[in-house]
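Scroll down for the structure; my scribbles are underneath it.
The values are calculated or read from the model by the stated rules, or taken from the named source; none is laboratory data. All figures in this text were calculated on a predicted structure; none of them were measured in a lab. Reconstructed Cβ throughout: ideal geometry from the backbone, glycine too, with neighbour counts over all protein chains shown. The accessibility values were calculated without ligands, DNA or RNA, using every heavy atom of the protein model including side chains. Shrake-Rupley method; radii C 1.70, N 1.55, O 1.52, S 1.80 Å.
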Amino acid sequence: MSSLDTEKEDLLVLGIETSCDETAASVVKGCREILSNVIYSQIDLHTVYGGVVPEIASRGHIEKIDQVVKKALSDAGKELKDLDAIAVTYGPGLVGALLVGVAHAKALAWATGVPLVGVNHIEGHICANFIDNPSLEPPFMCLVASGGHSHLVNVLDYGSYEIIARTRDDAAGEAFDKVARAIGLGYPGGPKIDKEARLGDPESIAFPRAKVRENEYDFSFSGLKSAVLNYLNSCGMKGETVNRANVAASFQKAVVDTLVGHSMQAAHDRGVTKFAIAGGVASNSLLRQTFEEQCRERGIEFFRPGPVFCTDNGAMIGVAGSYEYLLGYRSGNDLNAVPGLSIGDRKGVFRI
Ligand code: KG4
Ligand code: ZN
């Protein structure tokens, strides 16, 4: 039984997300029911540059935030005055991008008197698992793998987290994006490598699986990225044509082996019975399939969000914000963006 058994069935929370390149808003009822989910992706604005340009992201959010929030409310058939809370991502992420959502949420909260709740983006990713999995309750272990983060987290209770492992260098999604660029697949790399890898042989090239000496569960992907770049250079020097599908498949297999291997080791060592995945990389087809198989073999119950709730969205912020609200967390009009915010660090949030 969780310490939070007072879920308010008709609790209504607006979630706002602008930490990277998605302007998103959603209305969430009773902590887990998604009444609306509006996502404006800026991919088209950034593709030409091969990655997210922070200044362009901020400007894109400014142009869209008002209509995205209005659409989320109208799709849900609600008005601002119906809300119990306004939840907004205030970190981690790009400072200029975060500020747009934070300023907008603060203005709405100030104008309406609706309470404001600052939400951690990574906690939002974890909470995306509550949406399609009504039976999921803490405690469980969760791997968060996205463009900016790779964390293995013990979810002890609602709002209570213990970090077990993190990446020492690149995040998993960052590695996908960099390798995709190197083999000419373009941005965003993750989905493109996922697709290309289906045409290749994952055993064709022996890429390394890094181990970190200080913490056996920690991740490191920069060595793998360099190994792919070295492989491409050596093919170029020998005048050999690169088989893109084989590189994509072998690279993807190395990332998945590492993420799943470390996660299953930690789950075993800590006697975990429920395991979840989250973040953009959690929509990777090989990762989902491998976790499913490995968890089944070990008798661990496996959870994952639907693909639309893996990449950045407002619904996950609304869900996380609902639980934070029920736990008594609030933010004031002095809430600021915290680009390097870590999990469980509630800088700028207070408890009533
Ligand atoms: O969670 P997210 O939308 O944004 C961050 O918080 O970073 O994650 C985006 C990341 C990108 O690096 C993207 O390439 C990766 O998730 N991604 C994938 C897949 N779909 C998105 N990586 C591997 N396979 C996928 N199918
Ligand atoms: Zn994210």
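Counting only C-alpha contacts under 8 Å and six or more residues apart, can you give the relative contact order of the chain as a whole percent? RCO, the chain: 25 percent. Helix 315-326 and the long axis of the chain differ in direction by around 50°, with both axes built from C-alpha atoms.
When each of the peptides 247-254, 338-345 is scored by how many other beta carbons lie within 10 Å of its residues on average, the order from highest to lowest is 247-254, 338-345. Angle of helix 285-298 to the longest C-alpha principal axis of the chain, folded into 0 to 90 degrees and rounded to 10: 90°.
Gain on full extension, evaluated as 0.36 nm per residue between VAL212 and SER74 minus their Cα-Cα distance, stands at 44.8 nm. Out of every Cα-Cα pair that region 138-304 contains, those further apart than 24 angstrom amount to 33 percent. State the Kirkwood hydrodynamic radius of region 281-325 in Å, one decimal place, computed from all pairs of distinct Cα atoms. The answer is 12.0 Å. Based on DSSP H segments of at least four residues, each scored -39500 (n - 2.57), the chain has a per-residue ellipticity at 222 nm of -13000 deg cm²/dmol. When you count the other C-beta atoms within 10 angstrom of each residue and take the mean per peptide, 111-124, 158-171, 133-146 line up highest first as 111-124, 133-146, 158-171.
For ARG168, what residues show an amide H to amide H distance below 5 Å, using hydrogens built from the backbone and excluding near sequence neighbours? Close amide H contacts, sequence-distant or interchain: PHE219, SER220, PHE221. The distance from the alpha carbon centre of region 85-132 to that of region 148-189 is 21 Å, rounded to a whole number. The angle separating the long axis of helix 244-269 from the principal Cα axis of greatest extent in the chain is about 60 degrees. Restricting attention to region 138-304, lysine pairs at least eight places apart or on different chains and with alpha-carbon atoms under 22 angstrom apart total 13.
Under 5 Å between amide hydrogens, built in the peptide plane, is the criterion, and for ILE16 it picks out ALA87, VAL88, THR89 among residues at least 5 positions away or on other chains. Looking at the P(r) of region 53-104, how many percent of alpha-carbon pairs lie beyond 18 Å? Tail of P(r) above 18 Å: 37 percent of Cα pairs.
Listed values for region 153-158 are Karplus-derived 3J(HN,Hα) couplings in whole Hz (6.51 cos²θ - 1.76 cosθ + 1.60, θ = phi - 60°), namely 10, 8, 8, 6, 6, 4, and x replaces Gly and Pro. Across the accessible surface of the chain, with the other protein chains kept in place and a 1.4 Å probe, carbon and sulfur atoms take up 50 percent.
Measuring max minus min along each principal axis, the C-alpha atoms of the chain give extents of 67, 46, 33 Å (largest first).
The residues of the chain present an accessible area of 41 Å² per residue when probed at 1.4 Å with all protein chains retained.
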